[in-house]
Amino acid sequence: MDLRYSDLAGLRQALDSGMVSAEELAQDYLAAISRDTHGAMLAVNPEVTLAQARAAQALIDAGQADRLTGLPVAHKDIFVTQQWPTTAGSKILQGYQSPFDAEVVTRLGQAGMVTLGKASCDEFAMGSANQHCAYGPCSNPWDASRIPGGSSGGSAAAVAAGLAPAATGTDTGGSVRQPAAMCGITGIKPTYGRISRWGLVAYASSLDQAGPMARTAQDCAWLLTAMAGFDPKDATSLEQPTEDFSRLFDQPTASATESAPLAGLRMGLPEQYFGPGLAPQVRQVIDQAIAQLERLGGRVVPVDLPRTELSIPSYYVIAPAEASSNLSRFDGVRYGHRTDQAQDLETLYRRSRTEGFGLEVQRRILIGTFVLSHGYYDAYYLQAQKVRRLIAQDFDRAFEQCDLILGPVSPTAAWPQADVKTQDPLSEYLADVYTLGASLAGLPAMSVPCGFVQAGSRLPVGLQIIGPRFQEARMLAVAHAYQLSTDWHYQTPERES
Ligand code: GLN
């Protein structure tokens with residue numbers, strides 16, 4: 001059996017039984033990373049990784065292993081790390097070495113996980129295809145001519161290609177869910193504020209939220225349990241008690257039975273998520289997944305999310321506005337790239353930023369600065385905030401009729417890679433239509449592998465589950481029940497020989 005494609009539970013067993021040591025496991029993944037042709041990883045540091053693995057093995061040998069001890073993880077290169085460079089996929093941070101670890105990195109380290117390195121991502125997490133990375137695009141392990149999704153595309157590709165059994169991602173408008181869907185893995189963006197943003201390079205602070213990406217819902221529950229929890233260092237961190245996110249696996253609903261684990265579950269289907277924009281092949285796969293959930297006892301109820309389309313203009317005003325403010329710190333003075341072509345301060349700022357930021361980032365800074373400027377603030381930014389509130393209210397109303405909302409993650413499967421310079425940015429923005437709503441409303445949402453479409457190659461499709469605030473445990477339990485009855489999540493792309 002090839003352990004590299006195992007889920008975390010399988011690796012746990014392998015470690016506990018002594019079938020493999022934490023160091024051997026880490027070595028296996030590092031070797032796979034060194035052979036990778038997808039551009040999934042940006043940085044490794046084998047010496048540190050192997051030292052962490054030996055420390056984990058000592059705990060295992062002493063009988064002091066926790067659930068995650070010795071299990072490897074890759075971090076999206078947007079979490080700052082002391083032992084690996086952090087670039088956020090940007091030239092402006094080339095060579096940047098953080099003096100501290102992100103809270104997520106610290107927590108997973110304390111849980112005993114072994115860091116494999118940093119995964120590729122779109123520059124400052126702006127994008128849906130992982131083509132806007134200053135260090136080269138990332139490709140999809142299911143079809144190397146296609147995108148892996150983004151912005152956490154490196155994380156998703158790494159797990160799908162067996163370069164890491166688990167990875168962290170961040171989701172501002174869909175960046176955990178959409179690459180998870182396109183690479184055939186499981187990923188969850190929890191309720192806004194669940195996971196500390198401390199040490200997460202900021203894109204749009206009112207939307208940014210970290211999340212785990214792995215093969216199964218159970219893996220994600222284990223990871224989320226270690227990642228979540230109040231952090232006084234993050235002003236938007238929620239003071240929620242810690243919980244075990246797999247605690248409802250034996251009883252996903254109050255009336256669950258063995259043959260109908262989802263009995264009583266009201267599954268809301270918004271007609272807006274099944275409109276003409278949804279590719280027919282994807283729709284078919286989603287319909288089959290919903291039918292499977294019905295067989296497990298779930299009941300479909302129609303719900304209405306009337307402002308779904310407005311989530312696009314609302315998000316693409318608010319996110320760039322926050323980005324333009326967050327990215328003003330990259331001025332070539334304190335850290336990051338500094339031009340060597342400047343005689344005065346003004347030119348230093350301008351040249352450093354022009355040389356350091358990529359096209360898409362510059363575009364968003366311009367849009368953001370524009371919508372926040374005097375005379376346009378009311379017309380754009382304020383309007384977008386009002387729409388955001390209405391979208392959140394639509395979800396509240398929908399959840400009066402259902403327990404969870406189901407739909408596709410993305411209107412299509414992974415699309416072909418293309419030169420970003422000739423690409424139409426608008427079409428990429430429009431493809432976010434099903435993920436932005438939960439982001440704007442701060443709701444937990446996940447992607448679960450649910451089948452494939454055929455487009456020359458086999459391309460994975462993800463089912464989206466959106467829950468009310470703090471219902472991650474319920475969502476993960478439903479996804480787990482689905483995964484016990486299907487095997488989409490265990491399918492892997494053709495493996496290297
Ligand atoms: N595609 C969206 C954007 O480009 C979402 C990115 C994300 O969630 N980080 O902003």
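Return the distance in nm (one decimal) between the two label points of a simple spin-label model at Gln491 and Asp250, each offset 7 Å from Cα along Cα→Cβ. Going by the 7 Å Cα→Cβ label model, 3.3 nm.
Within segment 256-336, list the trypsin sites (Lys or Arg not before Pro) lying in a DSSP loop whose Cβ has at most 14 other Cβ atoms in a 10 Å radius. Sparse-neighbourhood loop trypsin sites (Lys or Arg not before Pro): Arg334.
Dividing the summed helix terms, -39500 (n - 2.57) for each DSSP H run of n ≥ 4, by the number of residues in the chain produces a 222 nm estimate of -10500 deg cm²/dmol to the nearest 500.
Across segment 174-182, coupling constants 3J(HN,Hα) worked out from phi with the 6.51/-1.76/1.60 Karplus curve, θ = phi - 60°, read x, 6, 8, 5, 5, x, 4, 4, 6 Hz, and Gly and Pro carry x. Annotation note: trypsin sites (Lys or Arg not before Pro) in segment 393-476 located in DSSP loop regions with a Cβ neighbour count of at most 10 within 10 Å are absent. For Cys133, the residues whose modelled amide H falls within less than 5 Å of its own, excluding neighbours fewer than 5 places apart on the same chain, are Glu123. Separation of segment 88-131 and segment 466-497, taken as the distance between their Cα centroids, equals 24 angstrom.
Bridge orientation summary for the chain: considering DSSP beta bridges with both residues in this region, about 70 percent are antiparallel. Distances between placed amide hydrogens fall under 5 Å for Val114 paired with Gly70, Leu71, Val73, all partners being 5 or more residues away or on another chain. For Lys118, list the lysines whose Cα falls under 17 Å from its own Cα; do not include residues on the same chain fewer than 8 positions away. Result set, ordered by chain and number: Lys76, Lys91.
Give me the distance between the Cα centres of segment 355-423 and segment 172-228, rounded to whole Å. Comparing the Cα centres of segment 355-423 and segment 172-228, I get a distance of 18 Å.
Ser139 sits among other residues whose Cβ lies under 13 Å from its own Cβ, and their net charge, with Lys and Arg +1 and Asp and Glu -1, is -1. The residues packed around Leu50, meaning those with a beta-carbon under 11 Å from its beta-carbon, carry a net charge of -2 if Lys and Arg are +1 and Asp and Glu are -1. Normalised by the number of residues in the chain, the average gap of Cα pairs under 8 Å and 6 or more apart makes the relative contact order 18 percent. If you take all other residues with their beta carbon under 13 Å from the beta carbon of Ala256, and give Lys and Arg +1 and Asp and Glu -1, the sum is -2. How would you classify segment 367-472 from its alpha-carbon gyration tensor, with a ≥ b ≥ c the square roots of the eigenvalues: rounded for a/c under 1.5, else prolate if a/b is greater than b/c, otherwise oblate? Oblate is the answer for segment 367-472, as a/c is 1.5 or above yet b/c matches or exceeds a/b.
No lab work stands behind these numbers, since they all come straight from the coordinates. Since the structure is predicted, the reported quantities are computational estimates derived from the model, not experimental observations. FYI the Cβ positions are ideal-geometry reconstructions off the backbone, even for glycines, and counts take in every protein chain you see.
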